[in-house]
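A short worksheet on the structure shown next.
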Amino acid sequence: MSCVPVVDDGIEVCANCGKQGSDTIKLKSCTACRLVKYCGVDCQRAHRKRHKKACKKRAAKLKDERLYSQGHERPEGDFCPICTLPIPFPMKSHSRFNACCMKLICDGCDMAAQTRGMFDCPFCRTRYPDNDADTLAMIQTRVAKKDPAAMFFLGQKYFNGDLELQKDMRKAVELYTEAAELGSVNALSSLECASFFGDGVGQDEKKAVQFWTKAAMQGHVESRRNLGCIEGQNGNHERAVRHCLISAKMGHEDSLENIKQMFMDGEATKEQYVVALRGYQNAAEEMKSHDRDEAMRLGYH
């Protein structure tokens, strides 16, 4: 029996026994490939050996379609909540993270607020904490309320031993894991790095790639670029270019440099480099503002 979708005068039939779908016989698609349908579990099992090769090939193609078609927009947390513009990369060099509201405020908006005499948080108007203990208390209050951004932030503090906390990578990974389960794409990214380097967990490159993939499909730019680097290291240059094209067009300069190098090495075409360059320039332009330019000019951070 063929693994191509089987039809009879426009009526779909079971790929194994040939029964036509009807009000009494409900055909269900193979969930992996969607190529064929079956009238029941028994027919699906009986047909498995003949279908396996085509199923794997089609399933891999569908997986790639999802991987490369999703995650072209940056997540909400990458945007300054005041000016609503995406924050340039690396974000930690162009913004500050406020523990009171768990928001990244771009340097332009932060400096503009202080210029107007506002020295509290420009987003939620809360007074900034006076010391590490107050900062930690703010974070822990939000962690207790299951705020994924707070869990991720506290995980970072344990990972680096900041705020007078004892460095504890296992605790950091626990917080990253819970934050990721609650929807934090940044926590997913941190889990991937922990798995890749074996920090706080057993080193597992395959698991790291799985985390990178999930994060990239949710718009995490560095994760997308990391996938490109892994593919390049494995000699899969076409896949590497596709990943780096996406992240370069989202404003990631290192990804643009990766494509430039691949072009010089003959692994990417001139057209691909031009597309990446134009996409990067457009994204970079969208991240500019007068306040940000002024903050950059004055060396504010």
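Once backbone amide H atoms are built at 1.01 Å from N, Glu12 has Gly21 as its partners under 5 Å, excluding neighbours fewer than 5 places away on the same chain. Look at the alpha carbon pairs under 8 Å that are at least 6 residues apart: their mean separation over the length of the chain gives a relative contact order of 13 percent.
In nm, what is the difference between 0.36 nm times the number of residues separating Gln70 and Lys56 and their Cα-Cα distance?
On the way: separation 14, 0.36 × 14 = 5.04 nm, distance 2.12 nm.
Full extension of this stretch gives 2.9 nm more.
Straightening the chain between Glu286 and Gln166 buys 39.2 nm, computed as 0.36 nm per residue apart minus the Cα-Cα spacing. Sequence-ordered 3J(HN,Hα) estimates for the range 283-288 from the Karplus curve with 6.51, -1.76 and 1.60 and θ = phi - 60° stand at 5, 5, 5, 5, 8, 8 Hz, glycine and proline given as x. Under 5 Å from the amide H of Cys80 lie the amide H atoms of Leu85, Ile87, each residue being 5 or more positions distant or on a separate chain, with H modelled from the backbone and absent for Pro and chain starts.
Here the label points at Val274 and Ser22, each 7 Å from Cα along the C-beta direction, are separated by 6.0 nm in the simple model.
Using alpha carbons only, how many angstrom separate the centre of the range 20-37 from the centre of the range 92-161? For the range 20-37 versus the range 92-161, the Cα centre distance is 52 Å.
Ranked by how many other Cβ atoms sit within 10 Å of their own Cβ, fewest first, the residues Asp254, Asp265, Asp147, Asp78 fall in the order Asp265, Asp254, Asp147, Asp78.
Modelled spin labels at Arg48 and Phe197, positioned 7 Å past Cα toward Cβ, are 4.2 nm from each other. For the range 272-282, backbone phi angles converted through the Karplus equation (6.51, -1.76, 1.60; θ = phi - 60°) give residue-by-residue couplings of 5, 5, 4, 4, 5, 5, 5, x, 4, 4, 5 Hz, Gly and Pro being listed as x.
Remark: Arg96, Arg239 ranked as Arg96, Arg239, counting other beta-carbon atoms within 10 Å and listing the fewest first. Rounded to the nearest 10 degrees, the inclination of helix 148-160 to the longest alpha-carbon principal axis of the chain is 70 degrees. Here's the picture: a label point sits 7 Å out from the Cα of Met118 along the beta-carbon direction, and within the range 65-108 the residues with their amide nitrogen under 13 Å of it are 81-84, 105-106, 108. Tell me, what is the FRET efficiency for Asp130 and His301 to the nearest 0.05, using R0 = 22 angstrom and their Cβ-Cβ distance as r? With R0 = 22 Å, the Cβ-Cβ based efficiency is 0.60. Across the range 75-92, rounded Karplus estimates of 3J(HN,Hα) from the backbone phi angles (6.51 cos²θ - 1.76 cosθ + 1.60, θ = phi - 60°) give x, 4, x, 7, 10, 5, x, 8, 8, 6, 8, x, 8, x, 8, x, 4, 5 Hz, Gly and Pro being marked x.
Throughout, read-outs are computed from the coordinates displayed, never taken from laboratory work. The model shown is predicted, which means the values in this text are computed figures rather than measured ones. Heads up, the Cβs are rebuilt from the backbone with ideal geometry, glycines too, and the neighbour counts pull from every protein chain shown.
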